[in-house]
Amino acid sequence: DYVVVKMIPDNRLPPRHLHSVHTGKTFAVIKWESPYDSPDQDMLYAVAVKDLVRKTDKIYKVKSRNSTVEYTIKKLEPGGKYHVIVQLGNMSKESSMKINTVPLSAPDALKIITENDHILLFWKSLALKESNFNESRGYEIHMFDSLMNITAYLGNTTENFFKVSNLKIGHNYSFTVQARCLYGGQMCGEPATLLYDELGTGEDSSAAKSGRPTDVAAVVVPVLFVLLVTLGIGFVVLYMRHRRLQNSFTAFANSHYSSRLGSAIFSSGDDLGDEDDEAPMITGFSDDVPMVIA
């Protein structure tokens, strides 16, 4: 025996499992489930989007009979903060969540040029890769003095360069450039960071970390190659000199070899190199020959 029980749908229940699927710079994909399983009719949802920065509200209506509903909220701003509320159209209990959109990217190719009494920061226009960025918004520049442990706001500009003066000798600085923050500094772009030391050399921190092994290898490899070539040439020269000395000694020994004595006869060394090489060498004296001393 069995019995079938069908629960009465309760339209006062809130949507279930509200969450964010994907968040971009100007949109967010959200998903939720119906208040009860297998709705037998279309259900009307109200999606309220509250801009926590601008303090504005927008309401969207979504109709679906599916148990799982997916909806894309469009026309959001990069780096924005939003509070999303989903409920049935009859103003039943609600489900809510907070989402933050992706901020604008950091400017590319941040470089530094040192002048006599100041430095110039240069970077590529953010509008080249961000269609949502307008040059009229501009950029803002910050500076961090690591010696004094102080962060300073230097100003903003709509150009792609910025002049920095009054830098102190012996201090290390970090400069950041980002899309100008809007609405009380709550909607900012990602910062690009540049390190600058007291010697006047600037380098991108991210590029320095990834490029340093390459720079070291570019210096070490040629030096090792030159050392190996130098050692190879040195070994060849030593070998040739060794062979030459060996051949010279062999020829010298052969020229002084006496077949009668069966050995080579050498002088004390003082006569080596004399021009009269053909003079016969006196090998001894007879006892019956008188010696005359002049």
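Bear in mind these aren't lab numbers, they're just calculated from the coordinates by the rules spelled out. In this text, all values refer to a predicted model and were calculated from it rather than measured experimentally. Backbone-built Cβ (ideal geometry, glycine too); neighbour counts: all protein chains shown.
The share of alpha-carbon pairs in the range 99-207 lying farther apart than 18 Å comes to 47%.
Can you list which of the GluC sites (Glu not before Pro) found in the range 127-182 are DSSP loop residues with at most 14 other C-beta atoms within 10 Å? The partial results should precede the final answer.
Numbers: sites: E130, E135, E140, E159; in loops: E130, E135, E159.
Listed in order of number, the matching sites are E135, E159.
Label positions at V229 and N156, each projected 7 Å from the Cα along the C-beta direction, are separated by 5.7 nm.
The packing ranking of peptides 76-86, 90-100, 235-245, highest mean first, is 76-86, 90-100, 235-245, where packing means the average number of other beta carbon atoms within 10 angstrom of each residue.
Estimated from the Cβ-Cβ distance and a Förster radius of 51 angstrom, the FRET efficiency linking V62 and V3 is about 0.90.
So, counting K/R as plus one and D/E as minus one, what does the shell of residues with Cβ under 12 Å around K81 add up to? Mind showing how you got there, number by number?
Details: positive: K50, R54, K55, K98; negative: D51, E77.
So the surrounding residues net to +2.
Taking every Cα-Cα distance in the range 72-140 and sorting them into 5 Å bins starting at zero, the pair-distance distribution P(r) comes out as 3, 11, 16, 14, 12, 11, 9, 7, 6, 4, 3, 2, 1, 1, 0 percent. Derived value for the range 16-100: Kirkwood hydrodynamic radius 13.1 Å. Basis is the mean of 1/r over every pair of different alpha-carbon atoms. Pairs from the list K31/K55; K25/K163; K129/K168 with a Cα-Cα gap above 26 Å: K25/K163; K129/K168.
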